[in-house]
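Have a look at the structure below, then the notes.
Read the figures in this text as sums done on the coordinates, not as results from a lab. On a predicted model such as this, the values are computed, not experimentally measured, just so you know. All Cβ positions, glycine included, derive from the backbone under ideal geometry; neighbour counts span all protein chains shown.
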Amino acid sequence: MIIDPKNSCLVIVDVQTKLTEKIASNDKIVNYITFLIEVSKVLNIPIILSEQYPQGLGETTPLIKESLRGTTTEKIKKTSFSCLGSESFNSILKKCEKKQIILTGIETHICILQTSFDLIKKGFDVFLIDEATGSRDETHKQIGIERMKRFGVILTNFEMLLFELLRDSKNPYFKELSSFIKK
């Protein structure tokens, strides 16, 4: 299955300052999430951002907040591990009217896993971006990914996703967006 930019939504899960500091390869993950935000801006892909218990874990990291400036990002605060445990998230998702979810954030084996399972149960196609998700322990990330793949999550990477969204080198955004591959 190939992702369709007209039928997709970017979901960024819990990339908050206090938690992100403890995540393996956190700089790389945050950078790839900012790339995904830039691609979403150019292609008009809606963005939903969640924060897990921000009173304790802090707000979204400054680099991601800065990247989101100028977007109409929908933001939710949650206490459930799955984003779908939030009434706000479900309302936003319904209003969005997209069936393909580009999923990114932390932690892979907890909030990402539970969110992906609930999305699939509701009939969404879930595309997990490998470089843009993480856990405190790399082994936990891999175990989470294996479980998600068995449940139907489509594991992909940033480069595959980008070229699926563009589909053709004649796409008017090809030159601008393919520059992210060289970074």
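Ordered by the count of other Cβ atoms within 10 Å of each Cβ, fewest first, Cys111, Cys83 give Cys111, Cys83. Of the residues Ile48, Ala24, Phe151, the one whose Cα sits farthest toward the positive end of the charge dipole of the chain, with +1 on the Cβ of Lys and Arg and -1 on the Cβ of Asp and Glu, is Ile48. Pairs exceeding 20 Å between alpha-carbon atoms, taken from Lys78/Lys149; Lys41/Lys122; Lys6/Lys170: Lys78/Lys149; Lys41/Lys122.
For Met148, Met160, Met1, the sequence from fewest to most other C-beta atoms within 10 Å is Met1, Met160, Met148.
Quick check: from the Cα gyration tensor, does the stretch 132-183 come out rounded (a/c under 1.5), prolate or oblate? Here the stretch 132-183 falls in the oblate category. The phi torsions of the stretch 64-71, fed into the Karplus equation with coefficients 6.51, -1.76 and 1.60 and a -60° offset, translate into couplings of 6, 4, 5, 4, 7, 4, x, 9 Hz, rounded to whole numbers, with Gly and Pro shown as x.
Summing charges over neighbours of Lys65, with a neighbour being any other residue whose Cβ is under 11 Å away from its Cβ, gives -1 when K and R count +1 and D and E count -1.
DSSP bridge analysis restricted to the chain gives an antiparallel fraction near 5%, rounded to the nearest 5.
Among residues other than Phe151 with Cβ under 15 Å from its Cβ, the summed charge is +2 (Lys and Arg +1, Asp and Glu -1).
Estimated from helices alone, the mean residue ellipticity of the chain at 222 nm is -12500 deg cm²/dmol (sum of -39500 (n - 2.57) over DSSP H runs with n ≥ 4, per residue).
Considering the stretch 85-142 at the alpha-carbon level, its Rg and Dmax are found to be 11.9, 36 Å.
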